[in-house]
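The values are calculated or read from the model by the stated rules, or taken from the named source; none is laboratory data. Values in this document were obtained by computation on a predicted structure and should not be read as measured data. Glycine gets a Cβ as well: all are built from the backbone with ideal geometry, and neighbour counts include every protein chain shown. The accessibility values were calculated without ligands, DNA or RNA, using every heavy atom of the protein model including side chains. Shrake-Rupley method; radii C 1.70, N 1.55, O 1.52, S 1.80 Å.
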Amino acid sequence: MTDMAAMTSQSSSESAPKKDRPWIIRTYAGHSTAAKSNELYRKNLAKGQTGLSVAFDLPTQTGYDSDHLLARGEVGKVGVPVAHLGDMKTLFEGIPLEQMNTSMTINATAAWLLSLYVACAQEQGVDPAKLQGTVQNDIIKEYLSRGTYVFPPAPSLRLISDVAAYSYREIPKWNPMNVCSYHLQEAGATPEQELAYALATGIAVLDTVKERGEISEEDFPAVVGRISFFVNAGIRFVTEMCKMRAFVDLWDEICETRYGVTDPKNRRFRYGVQVNSLGLTEQQPENNVYRILIEAMAVTLSKKARCRALQLPAWNEALGLPRPWDQQWSLRLQQVLAFETDLLEYDDLFDGNPAVDRKVDALKAIARAELAAIDDIGGAVAAIDHMKARLVESNAARLAAIESGEQVVIGVNKFTETEESPLSANEDAIEVIDPAVEAEQIERLNAWRDARDEPAAKAAIEELRSAAQEGRNVMPASVAAAKAGVTTGEWGQVMREVFGEYRAPTGVGKAASSSAEGVADVRASVEAVSAQLGRRLKFLVGKPGLDGHSNGAEQIAVRARDCGMEVVYEGIRLTPAQIVNAALEEGVHVVGLSILSGSHMPLVKEVIDGMRAQGLEDVPLIVGGIIPPEDAAALQAYGVARVYTPKDFELTKIMADIVELVGERGREAA
């Protein structure tokens, strides 16, 4: 080797940058059954996924067993059903939990699912102190956006505090809560609202932990250090990157000034991400791949504000449930970013950038002002009604901007001419859950109940009840109940009996009026049809089943109100019978159902059957949701008047359709 070559080789070796460790790479997954989900997890881990992110079905999330009336049509649809310890053991069979970093998206029933996980680990022979992972456990955002709440705010915050105290003592590597701003953005939050509402939630939780007194003053800073966040990242990726840097600064400030945390390590803003699903489009869905990549860059480019864990949606989620191949595509995107690029070889790329600094400062200023307003109201819990109304307003403004073309969405309101996509042309472009899954899950649940030690299960339930009533930490009793064979529905029922149930505000009544284009014309049509009917056109908006994603229903209700209709909207989680009864008692002219969980076929048919039985067959029924074309055709054949999917983004046009539909029925009746 020549001297020059040797020098070049030595220089290259010495200057080779050291790469940072990649973030935890996850895929949000789970559906059908525990066995099928376990198979999916093991395949994903074999493909290079470095952590698990568990999606539970809606009955599990809301504390019902699979055979409950409200669980009809929902079992295994949006996640995996976990009704007892046997399901949890099947879910993680062959997966060494001491080596996993597991995230569980669970909120109202977080204490129960964590108890099942701890009991499962112990059955594997794993010391719970070695477990690493997170339960989301953020109930305030459930009231504001996602809708899987069960109990009122005070007992819900108590349960979060119980999980935090238990985790600190028994599973110290576990994050007892993800303050989750993800669903706030999905509900229309601006970046400033996402910052303020998430931070206000973190404050409410830490204040509750402090007040409960289970954690000493000396240990409290370490508990603060275990609070993590779960954040959203939208398509405006420069603003989103600045938002993450603002989160870092504001959380550090709150931890130091409000709670006196002196160790910078315990003031770190530790967060995971799923990038935006709200912006994924049904039209030209292949464009979603680029959106997902750009949004992933927002949370990985800045070293100062880089995520600790990342999970990406699949390109076809606006069409339905993604297939394993679709999830693999998103997994490979993360791996290319982490392992092929030089992203992890550099210090922060944006430190000292004046444009970035200005934007971060502007975001922080508005977020601080909103935090102060929330504090003046009395904190996050007292401000739930205020925050919900602001979110509904923000989402209405977002949709109006898309309708007008002010906010460009490629393939939706600009550059809409397209070739047929070979990716979505086939009927098997999405995963379809076998309808037999629900009956099979109920059969396994009944077998579990029959095989358990019934006296032991009843004794565990009574001890759980006593712990809840007496104000003791419910976690030890919940772990014991899990081991005794108690079911998710039984745990949920005890907590409902002790704590009561809650209905969150809809935000519809207090939301500001829309200035969307064309509203005045539709309002004139409403007046004409109302005169023809002899009274104000009355529209019932209903959400049957357990689907808590109410954003679409809320926007339909707000726009219908702004168009002059009388609107009946009672919020989420209604049975088909309750919706039919409301239609009958309210004397409505049209019924609209919003279902995003994939349970549209059985629930819509049940509503139609109920309406016919009550003599309401002349009242038109319309349906909106993520509904495949073949299902839409089947629903219309069964009697549904109109089916709307995410491609139908022009709300005022939908209102015009409704007025025309009611007018036609009125003329036919005359």
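Taking into account only those residues within segment 344-383 that are aliphatic (A, V, I, L, M) and open to solvent by 70 Å² or more (accessible area, probe 1.4 Å), which is nearest to Glu192 (Cα to Cα)?
Ile366
Can you tell me how many residues within segment 519-542 are open to solvent by less than 50 Å² (accessible area, probe 1.4 Å) and of a type in the set (S, T, N, Q)?
Qualifying residue count, segment 519-542: 1.
Looking only at segment 454-478, count how many residues are open to solvent by 80 Å² or more (accessible area, probe 1.4 Å) and in a loop (DSSP other than H, G, I, E, B).
1
Say whether the condition of being within 27 Å of Leu206 (Cβ to Cβ), assigned to a helix (DSSP H, G or I) and either open to solvent by 60 Å² or more (accessible area, probe 1.4 Å) or modelled with pLDDT under 95 (or both) is met by at least one residue in segment 265-283.
yes
Within segment 394-444, count every residue that is modelled with pLDDT of 90 or more and either in a helix (DSSP H, G or I) or among the hydrophobic types (A, V, I, L, M, F, W, C) (or both).
Qualifying residue count for the region: 25.
If you check Ala121, Ala111, which single one turns out to be farther than 23 Å from Gln311 by Cα, open to solvent by less than 10 Å² (accessible area, probe 1.4 Å) and touching an Asp or Glu at 6+ places or on another chain (Cβ under 7 Å)?
Ala111
Can you name the condition, by its number, that Ala222 falls short on among (1) out of contact with any helix residue (DSSP H, G or I) (no Cβ under 7 Å at 6 or more places or on another chain); (2) modelled with pLDDT of 95 or more; (3) of a type outside the set (D, E, K, R)?
(1)
Are any residues in segment 556-571 out of contact with any helix residue (DSSP H, G or I) (no Cβ under 6 Å at 6 or more places or on another chain), on the phi < 0 side of the Ramachandran plot and surrounded by fewer than 24 Cβ atoms within 10 Å (Cβ to Cβ), and if so, which ones?
Result: Arg561, Glu566, Glu570.
Six or more apart or on different chains, Cβ atoms under 6 Å: show the pairs whose first residue is in segment 521-539 and part of a loop (DSSP other than H, G, I, E, B) and whose second is among the polar types (S, T, N, Q) and open to solvent by less than 50 Å² (accessible area, probe 1.4 Å).
Arg536/Ser530; Leu537/Ser530
Being farther than 22 Å from Gly48 by Cα and either of a type in the set (Lys, Arg) or open to solvent by 10 Å² or more (accessible area, probe 1.4 Å) (or both) is the filter here, so list the residues in segment 291-312 that pass it.
Arg291, Lys303, Lys304
Between a first residue in segment 434-463 that is without any contact (Cβ under 8 Å) to a residue 40 or more places away in the chain and a second residue that is open to solvent by 80 Å² or more (accessible area, probe 1.4 Å), which pairs have beta carbons less than 6 Å apart while being 6 or more apart in sequence or on different chains?
none
For segment 620-651, which positions are small (Gly, Ala, Ser) and in contact with a strand residue (DSSP E or B) (Cβ under 9 Å, 6 or more places away or on another chain)?
Result: Gly624, Gly625, Ala632, Ala633, Gly639, Ala641.
Give me the pairs, please: first residue somewhere in segment 86-115 and basic (Lys, Arg), second residue anywhere and outside any loop (DSSP other than H, G, I, E, B), beta-carbon distance under 7 Å, and either six or more positions apart or on two chains.
From segment 86-115, the pairs are Lys89/Cys120; Lys89/Glu123.
Can you name the residue in segment 202-248 that is assigned to a helix (DSSP H, G or I) and among the aromatic types (Phe, Trp, Tyr) and, of all such residues, is farthest from Pro176 (Cα to Cα)?
Ranking the candidates gives Phe237 first.
Kindly indicate whether Leu199 is of a type in the set (A, V, I, L, M, F, W, C), part of a helix (DSSP H, G or I), open to solvent by less than 10 Å² (accessible area, probe 1.4 Å) and within 20 Å of Leu58 (Cβ to Cβ).
Answer is no for this residue.
Residue under question is Gly86, and the condition is that it be touching a helix residue (DSSP H, G or I) at 6+ places or on another chain (Cβ under 7 Å) and in a loop (DSSP other than H, G, I, E, B); does it hold?
The answer is no for Gly86.
Quick check on my filter: what residues within segment 413-447 are buried (at least 17 other Cβ atoms within 10 Å of the Cβ) and touching a Ser or Thr at 6+ places or on another chain (Cβ under 8 Å)?
Hits for segment 413-447 are Ile433, Val437, Glu438, Gln441, Ile442, Leu445.
Could you list, in sequence order, all residues of segment 287-340 that are free of Cβ contacts under 8 Å to residues at least 12 places away in the same chain and among the aromatic types (Phe, Trp, Tyr)?
Listed by number, the residues that qualify are Tyr290, Trp325.
Within the group Glu192, Glu214, Glu170, Glu186, which residue is in contact with a helix residue (DSSP H, G or I) (Cβ under 8 Å, 6 or more places away or on another chain), of a type in the set (Asp, Glu), under 17 Å from Ile139 (Cβ atoms) and surrounded by fewer than 24 Cβ atoms within 10 Å (Cβ to Cβ)?
Of Glu192, Glu214, Glu170, Glu186, the one residue that is in contact with a helix residue (DSSP H, G or I) (Cβ under 8 Å, 6 or more places away or on another chain), of a type in the set (Asp, Glu), under 17 Å from Ile139 (Cβ atoms) and surrounded by fewer than 24 Cβ atoms within 10 Å (Cβ to Cβ) is Glu186.
Could you check segment 590-663 for strands (runs of 3 or more DSSP E) lying wholly inside it with 1 or more residues that are in contact (Cβ under 8 Å) with a residue 40 or more places away in the chain?
Result: 590-595, 621-625.
Looking at segment 403-414, can you tell me whether even one residue there is charged (D, E, K, R), out of contact with any Phe, Trp or Tyr (no Cβ under 9 Å at 6 or more places or on another chain) and under 19 Å from Trp315 (Cα atoms)?
no
If Ala520 passes every condition in (1) hydrophobic (A, V, I, L, M, F, W, C); (2) at pLDDT 95 or above; (3) within 26 Å of Arg398 (Cβ to Cβ) but one, which one does it miss?
(2)
Which of the residues spanning segment 330-352 are touching a Pro at 6+ places or on another chain (Cβ under 6 Å) and either under 28 Å from Tyr28 (Cβ atoms) or hydroxyl-bearing (Ser, Thr, Tyr) (or both)?
Ala338, the sole residue that qualifies.
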